[in-house]
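The values are calculated or read from the model by the stated rules, or taken from the named source; none is laboratory data. Computed from a predicted model, the values in this text were never measured in an experiment. For neighbour counting, all protein chains shown are included, and Cβ atoms are generated from backbone atoms with ideal geometry for every residue, glycine included. For the accessible areas, the whole protein counts, side chains as well, though only heavy atoms, and no ligand, DNA or RNA atoms are used. Shrake-Rupley method; radii C 1.70, N 1.55, O 1.52, S 1.80 Å.
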Amino acid sequence: MRLLEQRELRRLGGESLIPIDVRLIAATNRDLDELVTEGRFRQDLYYRMNVVPLRIPPLRERRDDIPLLVEHFLQQAQQRHGRQSRRIAPAAMRRLCDYAWPGNVRQLRNLMERLVVTVESPTVHAEDLPQEFLAVPRTGASSLEEAVQQAEKQAILAALANCNQHRERTAQLLGVSVRTLHYKMNRYALQ
């Protein structure tokens, strides 16, 4: 408590106080307000630590971030292991985006490392993913708008795959203009 309040500490067995300049960042997946109310977390500690609270939603609530994180972690793992560049096939990316990610971002990072080490081909296909990704339970949309967005995103990904990523043919297949396709791809981070 002294460390947080007065920014000084005393070494075990020491007599003098040592001033320190630190920033404390703490993370939890628990509801600290509830724990304080139940008496399972010290109230005085909570109010000393709760200066700038940030809520970062779990990965399953930030599905648009998944393709960007996949690319980032894939590149990191490739560099770390000295492996050739790999790309994720559209069907595999759909599986990754549909997955619930109980292990959150750490699980995604570890999976990318696993794929870099175990997959020999330059393209990671859906069949290369671990078993739990092959039978992905569909997450129910919480609203009609979210259901429409999910269906739209899936239709665009499937059409892109059918047209070998050719934008004009994809737009024709979907019955929309190229401009509309680009807008939708930007909206769903499908670039």
TODO: For the chain, with a Gaussian network of springs between Cα atoms less than 10 Å apart, report the residue from 169, 179, 11 with the top mean-square fluctuation.
DONE: 11
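Can you tell me the accessible area per residue over segment 1-153, all protein chains present, probe 1.4 angstrom, in square angstrom? It would help to have the intermediate numbers written out before the result.
Values: 10770 Å² over 153 residues.
Averaged over the residues of segment 1-153, the accessible area is 70 Å².
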TODO: With a Förster radius of 22 Å, plug the Cβ-Cβ distance of residue 172 and residue 87 into 1/(1 + (r/R0)^6) and report the FRET value to the nearest 0.05.
DONE: 0.35
Open item on the list: I want to verify a result. In a Gaussian network model of the chain, Cα cutoff 10 Å, which of these has the top mean-square fluctuation: 123, 28, 170?
Closed with: 28
Open item on the list: Can you list residues from other chains, or at least 5 along the same chain, whose modelled amide H is less than 5 Å from the amide H of residue 124?
Closed with: 87, 88, 89
- [ ] Could you grab the relative contact order for the chain? Cα pairs under 8 Å, six or more apart, rounded to a whole percent.
- [x] 16 percent
Open item on the list: Could you tell me the calculated FRET efficiency between residue 52 and residue 72, based on Cβ-Cβ distance and R0 = 22 angstrom, to the nearest 0.05?
Closed with: 0.30
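What FRET efficiency comes out for residue 186 versus residue 5 if R0 is 41 angstrom and r is the Cβ-Cβ distance? Round to the nearest 0.05.
Plugging the Cβ-Cβ distance into 1/(1 + (r/R0)^6) gives 0.30.
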Task: Global geometry of segment 38-161, whether rounded, prolate or oblate, following the gyration tensor of its Cα atoms and the 1.5 cut on a/c - done: oblate
- [ ] Return the single residue from 156, 25, 56 with maximal mean-square fluctuation; model: Gaussian network over the chain, springs between Cα atoms under 10 Å.
- [x] 25
